[in-house]
Amino acid sequence: MRIKADTDVCIGAGMCVLTAADVFDQSEEDGTVVVLLPEPPADKEGAVRRAVQVCPSGALSIS
Amino acid sequence: MTNAMPEPVTLPLSREEPFDPPGDLGRWREEGPIRPMLYADDHVGWLATGYSAVRAVLADPRFSTETTRLHPPISQRARLQALAKLPGFFIREDPPEHTRLRRLLTGQFTVRRMRQLEPRIEKITADRLDAMEREGAPADLVREFALPIPSLVICELLGVPYGDHERFQRDSTTLLSLESSIEQVREAMEDLLDYIRGLVVRKRAEPGDDLISGLIATGRLTDVEIAGASVLMLIAGHETTANMLALGTYTLLKNPAQLAALRDDPSLADAAVEELLRYLTIVHIGPVRTAMEDVEIEGYTIRAGESVTLSLGAANRDPERFDSPDTLDITRQATGHVSFGHGVHQCLGQQLARIEMRIGYPALLRRFPGLRLATPDEEVAMRSNMAIYGVHRLPVAW
């Protein structure tokens, strides 16, 4: 699994951090998404999928 | 759609059961996720009740949230349309203006920043519980607990003196009441803006360590925009959490097994907060969006200029998304609810609200293990007449 994040689209709601805190963070300046683990380990994939699903702005995708 | 379209409905407001959305909404959702709705200005637009339809509209940039484009879903709301467009009131701005304002604010409301406030929120909560204990039962939980906690927190965050809370709470009550006249709404908004503008001028001269001073320091917003954004954050920052704390407590009192579970197991708090948010959905009307071009949503064509009212409460009870949606279950995985909205306008302060609730409910239940309602149910005044649902007062004893 590989995570792609579009910080131009991101609105900094923080849902990804809330859902998968080890994988995502938010920038100190504007709150937009920072991907800590672009290729997350298998045991995080479920949480990452949930994070993609709940993201309000559609900033996250996985391939 | 080739099927005959049902007759337009009007938006129901009264909840037959205090903790459930109006019953019609669920019945209509069973017939289809979207249906025609008659607006207060005789516009025939739409009402969305299905979870995926509601999310689709809220996420779609072809829908606008600007006041001038929106048809009023209910007559009382029509009065609000008379208000001039407020610079900085970002909930009513479309991109790119919205993006510019929100980007200046999101860094202040990240999960990490909000977690840094936890010790302070715990202290504020404990102080309110001490005061309740000192004054003794019965107490109005709204006045003594649910309203002061988020008010104190948002005041500290924005740099608004809490000593002025009677003034801004009176104004925000007028603004949120569906019974206010157009004149009352105008006066309340003007008073609130005057108050905040004065504050902005003072902070420009003497900056503090607070969000309004921080916005001034960016040099990227006018004082008028800062005032508009601050009024929005001040109202949204206390009315919403206050109603969740009070209505959520009332709900738990009616579900004693779940109340006891939450009281005795702090690890349930996160899930309980999400479930109470989903189950109660205190945003009582709308949001509303208007299509800026023809948009197809789940087989329905929303024409340019037509408004869609999104029923968050109906979406959160959609059985296609949540199993046994009408059952309160604080152990379920309720994340994904739309109580904070969806799309680019999803609640800016949601992480703050979550922490206030995650601290507030367990602290209250542990301080007063014998907490109970001090009035018959039929005397609990529900806020069916307000844009944000909840209880006007909640007399409790312990």
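Read-outs: derived from the displayed coordinates by stated rules, not from any lab. Here the structure is a predicted model, which means the values were calculated and not measured. Methodologically, a virtual Cβ is constructed for each residue, glycine included, from the backbone with ideal geometry; neighbour enumeration extends over all protein chains shown.
Here are the numbers:
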{"item": "Axial C-alpha extent at least 24 Å, average Kyte-Doolittle at least -1.0 - helices from chain B (DSSP)", "result": "B:182-205, B:223-253, B:350-367"}
{"item": "Inter-part distance where segment A:15-47 and segment B:140-209 are each reduced to a Cα centre, Å", "result": "35"}
{"item": "GluC sites (Glu not before Pro) within segment B:288-378, DSSP loop, no more than 14 other Cβ atoms inside 10 Å", "result": "B:E293, B:E298, B:E320"}
{"item": "FRET efficiency, B:D24 to A:E39 (Cβ-Cβ, R0 41 Å, nearest 0.05)", "result": "0.25"}
{"item": "Segment B:T10-B:Q333, length gained on full extension (0.36 nm per residue, minus Cα span)", "result": "113.0 nm"}
{"item": "Rounded to the nearest 20 debye, dipole of segment B:23-397 from Cβ charges on Lys, Arg, Asp, Glu", "result": "700"}
{"item": "Average beta-carbon neighbours from other chains, 10 Å sphere, peptide A:30-36", "result": "4"}
{"item": "Three-way shape label, chain B, alpha-carbon gyration tensor, a/c 1.5", "result": "oblate"}
{"item": "10 Å Cβ neighbours from other chains, averaged over peptide A:1-11", "result": "2"}
{"item": "Gained length - B:E135 relative to B:R170, 0.36 nm times residue gap less alpha-carbon distance", "result": "10.2 nm"}
{"item": "For segment A:3-62: relative contact order, % (alpha-carbon pairs under 8 angstrom, 6 or more apart)", "result": "45"}
{"item": "B:E122 paired with B:D191, simple spin-label distance in nm, labels 7 Å along Cα-to-beta-carbon", "result": "3.8"}
{"item": "Electrostatic dipole magnitude of the protein assembly as shown [Cβ: Lys, Arg +1; Asp, Glu -1; Cα centre; debye, to 20]", "result": "500"}
{"item": "Kirkwood hydrodynamic radius over Cα pairs of the protein assembly as shown, then Stokes diffusion coefficient at 37 °C and 0.692 mPa s, in µm²/s", "result": "145"}
{"item": "Cα-based shape type of segment B:252-398, given that a ≥ b ≥ c are square roots of the gyration tensor eigenvalues and the cut on a/c is 1.5", "result": "prolate"}
{"item": "Cross-link reach list, lysines versus B:K203, counting only Cα pairs under 26 Å and skipping chain neighbours closer than eight places", "result": "B:K85"}
{"item": "Candidates per GluC sites (Glu not before Pro) in segment B:1-65, loop by DSSP, up to 12 other Cβ within 10 Å", "result": "B:E16"}
{"item": "Residue-count net charge about B:P18 - beta-carbon cut-off 13 Å; Lys, Arg +1, Asp, Glu -1", "result": "-3"}
{"item": "Inter-chain shielding of A:44-57 (mean C-beta neighbours from other protein chains, 10 Å cut-off)", "result": "2"}
{"item": "Nearest-0.05 FRET efficiency for A:D6 and B:E31, computed from C-beta distance (R0 25 Å)", "result": "0.10"}
{"item": "Signed unit charges on C-beta, dipole axis of the protein assembly as shown, positive-most listed residue B:A374, B:L152, B:G313", "result": "B:L152"}
{"item": "Calculated [θ] (222 nm, deg cm²/dmol) that DSSP helices of n ≥ 4 give over the protein assembly as shown, each run adding -39,500 (n - 2.57)", "result": "-13500 deg cm²/dmol"}
{"item": "Mean separation of Cα contacts under 8 Å, 6 or more apart, over the residue count of chain B: relative contact order %", "result": "25"}
